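We did not get these values from a lab; they are worked out from the coordinates using the rules stated. Keep in mind that what you see is a predicted model, and the values were worked out from it rather than measured. Neighbour counts are summed over all protein chains in view; Cβ atoms, including those assigned to glycine, are modelled from backbone coordinates with ideal geometry.
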């Protein structure tokens with residue numbers, strides 16, 4: 001620990017582990033006690049520690065972490081968080097919590113309820129690392145200045161069982177679920193005590209804890225965190241979080257699924273290109289490149305949740321040499337050209353495309369949504385295709401292949417590391433659904449890990 005310089009050295013047990021750590025946190029900046037931490041390789045090959053108090057504390061923390069290993073295997077952190085909102089002066093909704101917590105990873109399921117007169121939530125991430133990062137960053141934070149304080153702990157639950165999609169519960173992997181009676185069903189021992197309580201008992205149906213509708217959370221364009229009360233200074237609105245350049249987006253209101261994508265390269269962009277890229281984060285219904293402003297396009301997603309996901313992951317990413325700018329559109333849908341009116345193929349309808357990744361309810365693709373990275377995950381590889389075939393294929397576009405690795409237990413899948421995130425984005429666009437023969441079409445997505 002170098003406290004005077006606000007720095008620290010960390011020695012991993014292998015070079016591969018260090019590379020994985022640096023690679024992972026290159027796209028997700030960790031937050032410790034509300035401060036972003038930047039991780040890079042050191043010139044030192046080995047650490048030597050002394051007996052100073054600072055080093056003793058660091059070594060004690062390391063020993064505590066080591067004790068959580070079982071037979072050399074790290075006990076994975078829980079993916080489910082229990083969130084208690086203390087000092088609830090203003091109401092907090094399920095949507096507001098989703099907006100706050102989705103900054104740290106893919107939220108799969110969420111349930112809100114009242115227990116012991118406290119507003120609480122159970123929230124399940126796709127990955128334990130996301131839950132850990134959210135807990136470190138948000139525990140003790142105020143949603144509004146001086147009130148609505150988040151108290152976060154890991155839940156003993158390993159998964160949440162959600163039967164209805166409404167204002168009390170949501171399963172983002174199951175958009176087909178009914179709205180039910182706005183009361184979540186939680187089938188787990190001891191959870192029968194979790195009753196809607198004050199939330200549903202209030203005289204105002206949609207307002208938590210009986211606040212009149214004027215106090216329900218409304219989106220505000222100026223806030224970093226959608227869902228804050230207009231005019232209220234939000235404690236979390238000023239919090240520095242991972243991917244800060246991607247957090248200042250206006251909230252996508254319910255029902256708005258159309259995105260305005262600008263700063264495109266008009267010489268290279270096509271509707272198909274945007275369909276494939278945005279299709280990583282949701283099912284794209286329609287794409288329109290504007291006739292008189294070809295550096296702008298409208299992308300219509302299947303729903304507002306997918307639109308928010310695509311916007312948060314892709315805004316600022318480089319495509320064809322230019323950073324994407326993405327905002328919610330004022331349009332509620334993308335209009336197709338009238339019959340007999342040609343628009344040079346600038347508008348495409350993909351509503352019935354077989355390439356939709358999320359058309360199957362509960363698809364495992366919901367659990368494998370990651371930010372763009374230089375490493376791509378390849379799947380559906382036929383047995384006859386070898387490493388050199390795939391490396392040569394991805395090199396044909398002029399991109400550089402830095403590394404390649406088949407999955408040890410399943411050669412139908414592999415990781416391929418490109419020269420940069422931009423090269424990986426363009427390779428995904430070009431080679432997703434590429435015909436490899438033997439009735440196998442290549443599936444390409446962004447990987448959470450590096451090689």
What order do you get for 393, 81, 319 when you list them from fewest to most C-beta neighbours inside 10 Å?
393, 319, 81
Sort 133, 447 so that the residue with the fewest other Cβ atoms within 10 Å of its own Cβ comes first and the one with the most comes last.
447, 133
Ellipsoid semi-axes in whole angstrom, largest first, where each is sqrt(5λ) of the Cα gyration tensor of segment 372-446:
18, 13, 11
Label point at residue 115 placed 7 Å out along Cα→Cβ; residues across segment 158-178 whose backbone nitrogen lies under 13 Å:
158
For Cα pairs less than 8 Å apart in space and 6+ apart in sequence, what is the mean separation divided by the residue count of segment 372-446, i.e. the relative contact order in percent?
44 percent
Counting other beta carbons within 10 Å of each Cβ, put 264, 415 in order, fewest first.
415, 264
Ranked from highest to lowest mean number of other Cβ atoms within 10 Å per residue, what is the order of the peptides 427-439, 366-378, 272-284, 289-301?
272-284, 366-378, 289-301, 427-439
Give me the distance in nm between label points sitting 7 Å out from Cα along the Cα-to-Cβ direction at residue 15 and residue 386, one decimal.
2.7 nm
Beyond 17 Å, what share of the Cα-Cα pairs of segment 258-349 remains, rounded to the nearest whole percent?
42 percent
